[in-house]
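The values are calculated or read from the model by the stated rules, or taken from the named source; none is laboratory data. All figures in this text were calculated on a predicted structure; none of them were measured in a lab. Every residue, glycine among them, receives a Cβ derived from its backbone with ideal geometry; neighbour counts consider all protein chains shown. For accessibility, only protein heavy atoms count, side chains too; no ligands or nucleic acids. Shrake-Rupley method; radii C 1.70, N 1.55, O 1.52, S 1.80 Å.
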Amino acid sequence: MPRLPRRAPSLRALTALASAVAALAGAAPVARAQAAPQRPFGTLRDQAAVQQGWLDARMRTVLPALMRKHGVDTWVVPMREYNEDPVFRALVSPTTFAARRRTIYVFFDRCAAAGRPVASDTGCIERIAMGGTSQGGVYRALRATKELPATGGVTVAAGSGTTTRQAELWGDEQWQVLRRAVEERRPQRIAVNVSRTFAFADGLTAGELEGMREALGPQWSARFTSIDALPVEMLATRLPEEDAVYREMNRLVWEILAEAFSNRVVTPGVTTTQDVVWWMRQRVNDLGLGSWFQPSVEVQRQGWTAERLGENPVIQRGDVLHCDFGLVAYHLATDTQHMGYVLREGETAPPAGLRAALRTSNRLQDLLMAEIRPGRTGNDILRATQARMRAEGIDGTIYTHPIGIHGHGAGPLIGLWDYQDGVPGRGDATVIPRMWFSIELQATSPVPEWGGQKVRSAQEEDMIVGADGVPRWAYQRQTEFHLVR
């Protein structure tokens, strides 16, 4: 029998072997070595460490302030595996992907119960996870209920000469644990996530509500209260540390879009809009990042209607390009729309009429940003901006939304494309400090060089409402077309 090699074969040897096998099979030889992966935000482990710090900070600062702001001393958030409350992502560590069987998160304001003022650094809020884990020490986890004989799996305890392991909370038993916790603390107002207006505040399912009411009985369930703003603002409020990361995420978006609308990706007369879409989607994947929607690329062409262009036109010289694109990193989403132009032979810049159209949509951005400030509702902001828009003779549409953990995030809507008179319910929520928006809108302008044909300049850029209430761009905004030469 031949002796085994003392060490594993080298990468070069393995590559040569693979190439030889591929050649025998008639396939193309494999590359000698793979390029090092691009990781603009580090490894997943690096990102998770940052996110864990954010979670700890949010629990120490954001949560106590919101509970005291909305006058609740207890907030109960129950959920079951794969049927998580929308607020779940704001409550758990980056290594937690789903609830564990049933997990009940309980937040109790001990300072309020004792009549003391709330402080972010004194541990006023007791955080309990009934089921699940401590989320890296953020919660006091209550999981074990009884010992079982060990018949396999991981041994976790030993006593009296018998190896045992702990059974987890299960079924109605969990509701009884909650009842004991409530009876010990005797809260006055128990917030639950039930809403007919906001999906983000409506995470308590009918079955969970029924089980909780039955277990707690009329004495405690009579103290249930639904406060839409509590879960909505818990999701919407961002940290200063997140702002810095978000700037870098948006900078990366700009780099991707600048490449997508360039000759590195687009060959006039050859490349289709779907070719560009899938290039963007693949680029995000290759960077180890995520997407929260399928990108889109559209064309406007002189003398052509959208119907004539079809769903996947070949990009030609003289075309106006538009894209809608977003990526996900650190469990945060971006949302951006940019404009591009394919230069005709002999052109060095887009026609003056197209540049003017872009300036008009920039002006509409200015008007909207000037109206956004804490305390105003989305509908108020929409009406005020429209009045200024009409006074300046701009033909535009506003459909701006919050963004953050979710792409279409928690908070007030400022119009929808088909609700320009205001959005009932969701448009009545108010802007708060430390939240983000995607400033999404369009202005339609006639272009003289196109015989007066109207061109739609649709733009979207992410922005930040600072702690001081002043809005600013997360990175910057587009004021010039991306050019395909």
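Please work out the FRET efficiency for the pair ARG247 and ALA387, using the Cβ-Cβ distance as r and a Förster radius of 22 Å; give the result to the nearest 0.05. Please report the intermediate quantities before stating the final value.
Numbers: r = 32 Å, r/R0 = 1.45.
According to the calculation, E is roughly 0.10.
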Just to verify a number: what accessible area does ARG373 come out at with the full protein assembly present, 1.4 Å probe, Å² rounded to tens?
110 Å²
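Using the Cα centre of the chain as the reference point, and only Cβ charges (+1 on K/R, -1 on D/E), how large is the resulting charge dipole? Debye, rounded to the nearest 20.
Working: 56 positive and 52 negative charges, 294 e Å.
Using Cβ point charges on Lys, Arg, Asp and Glu, the chain gives about 1420 debye.
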Amide proton proximity set for ASN193, modelled H, under 5 Å, gap of 5+:
LEU204
Rounded to whole Å, give me the distance from the Cα center of region 349-410 to that of region 79-99.
34 Å
I'd like the carbon and sulfur percentage of the solvent accessible area for the chain, probe radius 1.4 Å, heavy atoms only, ligands and nucleic acids excluded.
52 percent
Sites ARG116 and THR43 - FRET efficiency at Förster radius 56 Å, r taken between beta-carbons, to 0.05:
0.85
In Å², and per residue, what accessible area does the chain have when probed at 1.4 Å with the other protein chains present?
48 Å²
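Relative contact order of the chain, please, whole-number percent, based on alpha carbon pairs below 8 angstrom and at least 6 residues apart. Mind dumping the intermediate values first?
Working: 902 pairs, mean separation 57.6, N = 485.
About 12 percent, as a whole number.
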If I model a spin label as a point 7 Å beyond the Cα along the Cα-Cβ vector, how far apart are those points for ASN285 and THR267 in nm?
2.2 nm
VAL455 long-range amide H proximity, modeled H, under 5 Å:
SER445, VAL447
Placing +1 at every Lys and Arg Cβ and -1 at every Asp and Glu Cβ, with all other atoms neutral, what dipole size does region 249-353 have around its Cα centre, in debye to the nearest 20?
100 debye
Amide H of LEU142: which non-local residues (sequence gap of 5 or more, or other chain) have their own amide H closer than 5 Å, using H built in the peptide plane?
ALA129, MET130, GLY131
Full extension between THR430 and THR225 adds, at 0.36 nm per residue less the Cα distance, a length in nm of 71.8 nm
Please work through the chain and write down the cysteines that have no neighbouring cysteine Cβ at a distance under 4.7 Å.
CYS323
State the label only: which of (1) 25.9, 90; (2) 27.7, 92; (3) 25.8, 81 corresponds to Rg and Dmax of the Cα atoms in Å computed from the shown model?
(2)
